1. Output the residues belonging to region 31-57 that are charged (D, E, K, R) and closer than 11 Å to ILE14 by Cα.
2. Please pick out the residue among ALA19, ALA59, ALA41, ALA9 that is among the small types (Gly, Ala, Ser) and farther than 23 Å from ALA146 by Cβ.
3. Tell me which of these GLU72 doesn't satisfy, since it passes every other one: (1) under 30 Å from LEU37 (Cβ atoms); (2) modelled with pLDDT under 90; (3) surrounded by fewer than 17 Cβ atoms within 10 Å (Cβ to Cβ).
4. Residues being more than 12 Å from PHE158 (Cβ to Cβ) and free of Cβ contacts under 8 Å to residues at least 60 places away in the same chain: count how many of those fall in region 36-48.
5. Filter region 123-150 down to the residues that are part of a loop (DSSP other than H, G, I, E, B) and surrounded by fewer than 19 Cβ atoms within 10 Å (Cβ to Cβ) and list them by number.
6. Identify the single condition in (1) at pLDDT 95 or above; (2) touching a Phe, Trp or Tyr at 6+ places or on another chain (Cβ under 6 Å); (3) within 30 Å of TYR69 (Cα to Cα) that GLU12 does not satisfy, given that it satisfies every other one.
7. What is the number of the single condition among (1) part of a loop (DSSP other than H, G, I, E, B); (2) modelled with pLDDT of 95 or more that VAL168 does not meet?
Amino acid sequence: MATKVITPAANEPISTAEAKEYLRVTHTDDDTLIGRLITAAREYVENQSKLTLQTTVFADYLQDFPDEYILEKAPYIADSVTITYTNTSAGTSTLAAAEYQIDQSNPPTISFDGTMPTTIDDDVVDNVKIQYSAGYGVAGSTVPEALRTAVMLMVAHFYDMRSPVVPVAMHEVPIGVRNIMDSFGRRLIK
């Protein structure tokens, strides 16, 4: 299985101005750096919490139809799933929405009804494509405030610890960030 970003998020969950206010930076010399740190902080929070903060379109590629499939990115946005597959005529077919059920629990899953297409081409690699949107919304204000705060805390951590050599002691990720991400993180059922 492979996951690809089809359409990346249009915005970050916090703006450079919000980060600068939090950092108490009044000059513009570090604006570019702060912008990059916001992206790095968001990616860190997303990777650790297994959530997608801003609306992003993903495609998961599978070899065949499973009985049940866990959407890798969360939160899933309702009515945004399209499932296609390569058929034996070397064309692409779309699976009808009536042929699968979506459970938006944590984590969101797709259950297939068991009568899968017989025209699927098993010789094609990654011939099933599940495309969906995930994220809390387009605007930064749609992201839960706790997750926005986690991003700000990480920006501050990255900004303060940007030297490649730490002169005195190692600094761990702020505990508040870990606690916030733990409270929002997906609980994978195995």
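The values are calculated or read from the model by the stated rules, or taken from the named source; none is laboratory data. Here the structure is a predicted model, which is why all the values come from computation and not from measurement. We place every Cβ from the backbone using ideal geometry, glycine too, and count neighbours over all the protein chains shown.
1. Within region 31-57, ARG42 is the sole residue that qualifies.
2. Working: ALA19 fails: farther than 23 Å from ALA146 by Cβ; ALA41 fails: farther than 23 Å from ALA146 by Cβ; ALA9 fails: farther than 23 Å from ALA146 by Cβ.
Result of the check over ALA19, ALA59, ALA41, ALA9: ALA59.
3. Looking at each condition in turn, GLU72 falls short on (3).
4. Of the residues in that region, 2 qualify.
5. Within region 123-150, ASP123, VAL124, VAL125, ASP126, GLY137, VAL138, ALA139, PRO144 meet the criteria.
6. (2)
7. Tallying (1) part of a loop (DSSP other than H, G, I, E, B); (2) modelled with pLDDT of 95 or more, VAL168 fails exactly one: (2).
For (1) surrounded by 12 or more Cβ atoms within 10 Å (Cβ to Cβ); (2) modelled with pLDDT of 90 or more; (3) more than 30 Å from SER183 (Cβ to Cβ), each residue gets a yes or a no:
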residue: PHE65; (1), (2), (3): yes, no, yes
residue: THR92; (1), (2), (3): no, no, yes
residue: ASP103; (1), (2), (3): yes, no, no
residue: ASP121; (1), (2), (3): yes, no, yes
